[in-house]
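The values are calculated or read from the model by the stated rules, or taken from the named source; none is laboratory data. Worth saying up front: this structure is predicted, and the values here are computed from it rather than measured. Glycine gets a Cβ as well: all are built from the backbone with ideal geometry, and neighbour counts include every protein chain shown.
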Amino acid sequence: MLRARSWGIKSLLVWGLLLSIMGGGGLWFYQEMKRVKATPITAWTQDHRADCAVVLTGGPNRVREGLDLLAQGAVRKLIIAGVHPRSTFVEIFPQWPYYPMVREEDVILERRSATTYGNAQQAQPLVEALHCRDLILVTSNLHMYRSYRTFRAIFAQDFTIHQRSVVTGRFQPAFSDLSLETVKSMFYSLFAY
């Protein structure tokens, strides 16, 4: 009888612990999703100026936004991070002939990174080599929360990073896309920021 009661108490403790962990994880997921979703689209509402811009590949409108900044003179150098190793500038941005004021030597293709964390790690020495005192980070509004926090963790705390988020695809992201980005942000919070 004592043994059965002991097993029942252990079982209750285990189930209580599991439910607490699941509840805490659910709350963490919900709070992180609110933060990801709260990132505003700043490309339409703010004018940014900096020495350099870093565009994170992986979605439409990002590279065009970076090239627009370069063409307008808002930045002097543009780093496109996460480019496929064999891609050329013209393949990445076939509209380049319509930007006669943009010199190809002002665009640096970073080809080594494959993740947001890698983008930040590989962009940091390029930014230093180009003597940039500040930068504009260009990515989608859905991706900006995680990207900015990652870049903030890699770059010096006194280095200015302006957030320039663009719409990629739908104005309101699908729940599946929002959920995936939330899980990625939770994972990154464990090791990247």
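Structural remarks
- The one condition in (1) within 19 Å of the chain's Cα centre (by Cα); (2) surrounded by 10 or more Cβ atoms within 10 Å (Cβ to Cβ); (3) modelled with pLDDT under 95 that ALA38 fails to fulfil: (2)
- A single member of ALA50, ALA71 is farther than 15 Å from GLU104 by Cα, surrounded by 13 or more Cβ atoms within 10 Å (Cβ to Cβ) and among the hydrophobic types (A, V, I, L, M, F, W, C), and it is ALA50.
- Residues within the range 122-147 that are in contact with a helix residue (DSSP H, G or I) (Cβ under 6 Å, 6 or more places away or on another chain) and over 13 Å from PHE159 (Cα atoms), tallied: 6
- Residue in the range 21-33 that is touching a residue at least 24 places away in the same chain (Cβ under 8 Å) and exposed (fewer than 13 other Cβ atoms within 10 Å of the Cβ) present: no
- Any hit, the range 104-116, residues being modelled with pLDDT of 95 or more, within 28 Å of GLN31 (Cβ to Cβ) and in contact with a Lys or Arg (Cβ under 8 Å, 6 or more places away or on another chain): yes
- Taken together, the residues in the range 99-136 that are surrounded by 14 or more Cβ atoms within 10 Å (Cβ to Cβ) and of a type in the set (Lys, Arg) amount to 1.
- Sole exception among (1) on the phi > 0 side of the Ramachandran plot; (2) in contact with a Leu (Cβ under 9 Å, 6 or more places away or on another chain) for GLY58, by number: (2)
- The range 177-189, residues that are in contact (Cβ under 8 Å) with a residue 12 or more places away in the chain and within 15 Å of SER147 (Cα to Cα): LEU178, GLU181, THR182, VAL183, LYS184, SER185, MET186, TYR188, SER189
- Considering the range 84-141, and only residues there that are among the hydrophobic types (A, V, I, L, M, F, W, C) and without any contact (Cβ under 8 Å) to a residue 12 or more places away in the chain, the residue that is farthest from HIS162 (Cα to Cα) turns out to be VAL90.
- Counted residues, the range 77-98 - those being surrounded by 18 or more Cβ atoms within 10 Å (Cβ to Cβ) and β-branched (Val, Ile, Thr): 3
- Test: residue in the range 158-176 that is in a helix (DSSP H, G or I), in contact (Cβ under 8 Å) with a residue 24 or more places away in the chain, touching a helix residue (DSSP H, G or I) at 6+ places or on another chain (Cβ under 9 Å) and surrounded by fewer than 20 Cβ atoms within 10 Å (Cβ to Cβ): no
- Residues that are at pLDDT 90 or above and among the aromatic types (Phe, Trp, Tyr) were ranked within the range 1-35; the one that is farthest from GLY169 (Cα to Cα) is TRP28.
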